[in-house]
Amino acid sequence: MEVYKLTDLGGWTRRWRTNEHNWIEQPLLETSGEGELCTSGWVHAYIDPHVAVLHNLIHSYFGDGMRLWHCNAFGAIKYDGQTKLGTSKLLVMGEMPLPMPKVTMDHRIAYALLVGAQVWGHRIFGRFYSAWLNGYEPHNIFLPVNFMAEDAGFYRSDLLMAVKECHPVKMTCLATSCKADLISAAKEALTIQRLPVHQKHTRL
(Lines give C-alpha, C1' and ligand atoms only; values in the text may rest on other atoms or scores of the structure.)
Protein backbone atom coordinates (compact mmCIF):
# COMPACT_ATOMS: atom_id res chain seq x y z
CA MET A 1 0.00 0.00 0.00
CA GLU A 2 1.34 3.42 -0.98
CA VAL A 3 1.60 5.82 1.97
CA TYR A 4 3.59 8.89 3.05
CA LYS A 5 5.79 9.63 6.04
CA LEU A 6 7.09 12.87 7.55
CA THR A 7 10.49 13.20 9.22
CA ASP A 8 12.74 16.02 10.35
CA LEU A 9 15.57 17.25 8.11
CA GLY A 10 17.89 14.50 9.34
CA GLY A 11 15.39 11.75 8.56
CA TRP A 12 14.47 11.22 12.21
CA THR A 13 11.14 10.60 13.88
CA ARG A 14 10.78 10.90 17.67
CA ARG A 15 14.34 12.25 17.88
CA TRP A 16 15.72 12.17 21.46
CA ARG A 17 12.64 10.28 22.69
CA THR A 18 11.74 6.63 23.12
CA ASN A 19 11.44 4.70 19.86
CA GLU A 20 13.46 7.25 17.89
CA HIS A 21 14.22 6.06 14.36
CA ASN A 22 16.29 7.30 11.44
CA TRP A 23 14.58 6.40 8.15
CA ILE A 24 17.63 7.21 6.02
CA GLU A 25 19.89 4.78 7.87
CA GLN A 26 17.15 2.19 8.43
CA PRO A 27 14.41 2.53 5.78
CA LEU A 28 12.49 -0.54 7.02
CA LEU A 29 10.77 -0.80 10.39
CA GLU A 30 8.52 -3.56 11.72
CA THR A 31 6.31 -3.37 14.79
CA SER A 32 3.79 -5.63 16.51
CA GLY A 33 0.62 -4.10 15.05
CA GLU A 34 -0.96 -4.29 18.48
CA GLY A 35 -2.48 -1.70 20.77
CA GLU A 36 -3.72 1.78 19.97
CA LEU A 37 -2.38 4.15 17.36
CA CYS A 38 0.41 6.48 18.49
CA THR A 39 2.01 3.70 20.51
CA SER A 40 5.06 1.54 19.83
CA GLY A 41 2.89 -1.09 18.14
CA TRP A 42 2.34 1.04 15.05
CA VAL A 43 4.32 3.12 12.55
CA HIS A 44 2.61 6.43 11.79
CA ALA A 45 1.90 7.36 8.14
CA TYR A 46 -0.60 9.11 5.85
CA ILE A 47 -2.61 8.06 2.82
CA ASP A 48 -2.08 11.40 1.07
CA PRO A 49 0.89 13.82 0.98
CA HIS A 50 -1.32 16.94 1.22
CA VAL A 51 -3.00 15.65 4.38
CA ALA A 52 0.43 14.76 5.78
CA VAL A 53 1.76 18.28 5.32
CA LEU A 54 -1.30 19.98 6.83
CA HIS A 55 -1.55 17.58 9.79
CA ASN A 56 2.11 18.01 10.67
CA LEU A 57 1.02 20.88 12.92
CA ILE A 58 -0.82 18.63 15.36
CA HIS A 59 0.80 15.21 14.89
CA SER A 60 4.57 15.67 14.64
CA TYR A 61 5.26 19.40 14.37
CA PHE A 62 8.56 19.26 12.53
CA GLY A 63 8.08 22.95 11.67
CA ASP A 64 9.41 24.13 8.33
CA GLY A 65 12.29 21.67 8.60
CA MET A 66 10.42 18.55 7.55
CA ARG A 67 10.85 16.02 4.76
CA LEU A 68 8.16 13.94 3.06
CA TRP A 69 8.84 10.35 2.05
CA HIS A 70 7.10 7.97 -0.32
CA CYS A 71 6.66 4.59 1.38
CA ASN A 72 5.09 1.15 1.14
CA ALA A 73 3.02 -0.17 4.04
CA PHE A 74 2.75 -3.91 4.66
CA GLY A 75 1.16 -6.11 7.27
CA ALA A 76 -1.56 -4.83 9.57
CA ILE A 77 -3.14 -1.41 8.89
CA LYS A 78 -5.14 0.63 11.37
CA TYR A 79 -6.91 3.86 10.40
CA ASP A 80 -7.88 7.00 12.26
CA GLY A 81 -10.37 8.11 9.62
CA GLN A 82 -8.42 9.96 6.93
CA THR A 83 -6.32 11.89 9.42
CA LYS A 84 -3.60 9.25 9.77
CA LEU A 85 -2.95 5.52 9.84
CA GLY A 86 -0.70 3.02 11.53
CA THR A 87 1.05 0.09 9.89
CA SER A 88 3.02 -2.80 11.35
CA LYS A 89 5.65 -2.68 8.59
CA LEU A 90 6.85 0.39 6.69
CA LEU A 91 9.48 0.67 3.98
CA VAL A 92 10.71 4.07 2.83
CA MET A 93 11.12 4.06 -0.96
CA GLY A 94 12.44 7.57 -1.46
CA GLU A 95 11.91 11.26 -0.82
CA MET A 96 9.11 13.05 -2.63
CA PRO A 97 10.68 14.99 -5.54
CA LEU A 98 8.53 18.11 -5.23
CA PRO A 99 9.59 20.83 -2.77
CA MET A 100 7.68 20.88 0.48
CA PRO A 101 5.02 23.61 0.52
CA LYS A 102 5.33 26.17 3.29
CA VAL A 103 2.05 25.83 5.15
CA THR A 104 0.65 29.20 6.16
CA MET A 105 -2.20 30.20 8.43
CA ASP A 106 -4.28 30.90 5.31
CA HIS A 107 -3.81 27.28 4.19
CA ARG A 108 -4.92 25.97 7.57
CA ILE A 109 -7.97 28.24 7.78
CA ALA A 110 -8.98 27.29 4.22
CA TYR A 111 -8.65 23.62 5.12
CA ALA A 112 -10.86 23.94 8.19
CA LEU A 113 -13.56 25.88 6.29
CA LEU A 114 -13.50 23.48 3.33
CA VAL A 115 -13.91 20.45 5.58
CA GLY A 116 -16.68 22.22 7.46
CA ALA A 117 -18.48 22.93 4.18
CA GLN A 118 -18.33 19.23 3.26
CA VAL A 119 -19.74 18.06 6.56
CA TRP A 120 -22.28 20.75 7.38
CA GLY A 121 -22.97 22.20 3.93
CA HIS A 122 -22.27 25.47 2.18
CA ARG A 123 -25.11 27.42 3.79
CA ILE A 124 -22.75 28.68 6.49
CA PHE A 125 -19.25 27.55 5.62
CA GLY A 126 -19.46 28.24 1.89
CA ARG A 127 -20.36 31.88 2.46
CA PHE A 128 -17.57 32.38 4.95
CA TYR A 129 -15.04 30.65 2.71
CA SER A 130 -16.02 32.70 -0.36
CA ALA A 131 -15.86 36.00 1.52
CA TRP A 132 -12.62 35.09 3.27
CA LEU A 133 -10.99 33.97 0.00
CA ASN A 134 -11.89 37.31 -1.58
CA GLY A 135 -10.05 39.27 1.06
CA TYR A 136 -12.72 39.94 3.64
CA GLU A 137 -12.35 39.24 7.35
CA PRO A 138 -15.85 38.33 8.57
CA HIS A 139 -16.55 39.91 11.94
CA ASN A 140 -18.37 36.77 13.11
CA ILE A 141 -15.72 34.29 11.96
CA PHE A 142 -16.36 32.05 15.00
CA LEU A 143 -19.99 31.39 14.01
CA PRO A 144 -19.14 28.26 11.97
CA VAL A 145 -17.07 26.99 14.87
CA ASN A 146 -20.02 27.33 17.24
CA PHE A 147 -22.17 25.52 14.69
CA MET A 148 -19.65 22.68 14.45
CA ALA A 149 -19.42 22.39 18.22
CA GLU A 150 -23.17 22.10 18.69
CA ASP A 151 -23.65 19.62 15.86
CA ALA A 152 -20.70 17.38 16.71
CA GLY A 153 -21.35 17.30 20.42
CA PHE A 154 -17.94 18.68 21.36
CA TYR A 155 -17.36 21.34 23.96
CA ARG A 156 -17.63 24.65 22.17
CA SER A 157 -14.80 26.12 24.21
CA ASP A 158 -12.42 23.40 22.97
CA LEU A 159 -13.10 24.25 19.35
CA LEU A 160 -12.94 27.99 19.88
CA MET A 161 -9.64 27.60 21.71
CA ALA A 162 -8.30 25.52 18.81
CA VAL A 163 -8.98 28.39 16.43
CA LYS A 164 -7.75 31.11 18.77
CA GLU A 165 -4.53 29.14 19.24
CA CYS A 166 -4.08 29.12 15.45
CA HIS A 167 -4.97 25.44 15.15
CA PRO A 168 -7.76 25.27 12.55
CA VAL A 169 -6.45 21.84 11.58
CA LYS A 170 -6.91 20.71 15.19
CA MET A 171 -10.42 22.14 15.07
CA THR A 172 -11.13 20.13 11.94
CA CYS A 173 -9.85 16.91 13.48
CA LEU A 174 -11.84 17.42 16.67
CA ALA A 175 -15.10 17.68 14.78
CA THR A 176 -14.78 15.67 11.57
CA SER A 177 -12.09 13.00 11.71
CA CYS A 178 -14.18 10.42 9.83
CA LYS A 179 -16.96 12.37 8.12
CA ALA A 180 -15.29 14.32 5.33
CA ASP A 181 -13.03 13.87 2.31
CA LEU A 182 -9.93 15.36 3.88
CA ILE A 183 -7.81 14.62 0.80
CA SER A 184 -9.76 16.85 -1.59
CA ALA A 185 -10.00 19.60 1.05
CA ALA A 186 -6.25 19.45 1.70
CA LYS A 187 -5.38 19.58 -2.00
CA GLU A 188 -7.56 22.64 -2.55
CA ALA A 189 -6.42 24.38 0.64
CA LEU A 190 -2.73 24.13 -0.31
CA THR A 191 -3.34 25.76 -3.71
CA ILE A 192 -5.48 28.72 -2.66
CA GLN A 193 -4.57 32.24 -3.66
CA ARG A 194 -6.35 34.56 -1.29
CA LEU A 195 -6.90 38.16 -2.31
CA PRO A 196 -5.28 40.84 -0.13
CA VAL A 197 -7.31 41.74 2.94
CA HIS A 198 -9.15 44.93 2.05
CA GLN A 199 -11.79 45.17 4.73
CA LYS A 200 -11.28 44.22 8.33
CA HIS A 201 -14.86 43.31 9.19
CA THR A 202 -17.68 42.14 6.96
CA ARG A 203 -21.14 41.15 8.13
CA LEU A 204 -22.38 38.00 6.40
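The values are calculated or read from the model by the stated rules, or taken from the named source; none is laboratory data. None of these values were measured; they are calculated from a predicted model. Cβ placement follows ideal geometry from the backbone for every residue including glycine, while neighbour counts extend to all protein chains displayed.
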Inset, instruction - Considering only the stretch 25-51, state which residues are touching a Ser or Thr at 6+ places or on another chain (Cβ under 9 Å) and under 10 Å from K84 (Cα atoms). - result: H44, A45, Y46, V51
Inset, instruction - Report yes if A52 is assigned to a helix (DSSP H, G or I) and either closer than 29 Å to I192 by Cβ or assigned by TED's automatic domain parsing to the domain that holds K187 (or both), otherwise no. - result: yes
Inset, instruction - Answer yes if at least one residue in the stretch 113-133 is assigned to a loop (DSSP other than H, G, I, E, B), modelled with pLDDT under 90 and touching a Ser or Thr at 6+ places or on another chain (Cβ under 7 Å), and no otherwise. - result: no
Inset, instruction - Confirm whether L90 is in contact with a Cys (Cβ under 8 Å, 6 or more places away or on another chain), farther than 22 Å from L182 by Cα and at pLDDT 95 or above. - result: yes
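To keep it simple, each residue is scored yes or no on (1) more than 18 Å from the chain's Cα centre (by Cα); (2) outside any strand (DSSP E or B).
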residue	(1), (2)
K5	no, no
W16	yes, yes
I24	yes, yes
S32	yes, yes
G35	yes, yes
T39	yes, yes
G63	no, yes
Inset, instruction - Answer yes if at least one residue in the stretch 19-35 is touching a strand residue (DSSP E or B) at 6+ places or on another chain (Cβ under 8 Å), surrounded by 15 or more Cβ atoms within 10 Å (Cβ to Cβ) and within 24 Å of T104 (Cα to Cα), and no otherwise. - result: no
Inset, instruction - For residues that are touching a residue at least 40 places away in the same chain (Cβ under 8 Å) and farther than 22 Å from Y79 by Cα, tally how many sit in the stretch 1-22. - result: 3
Inset, instruction - Determine the pairs where a residue that is basic (K, R), located within the stretch 98-125, has a partner that is at pLDDT below 70 and in a helix (DSSP H, G or I) with Cβ atoms under 8 Å apart, the partner being 6 or more residues away or on another chain. - result: R108/P168; R108/V169
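I need a count of the residues in the stretch 81-112 that are part of a strand (DSSP E or B) and not aliphatic (A, V, I, L, M).
Result for the stretch 81-112: 7.
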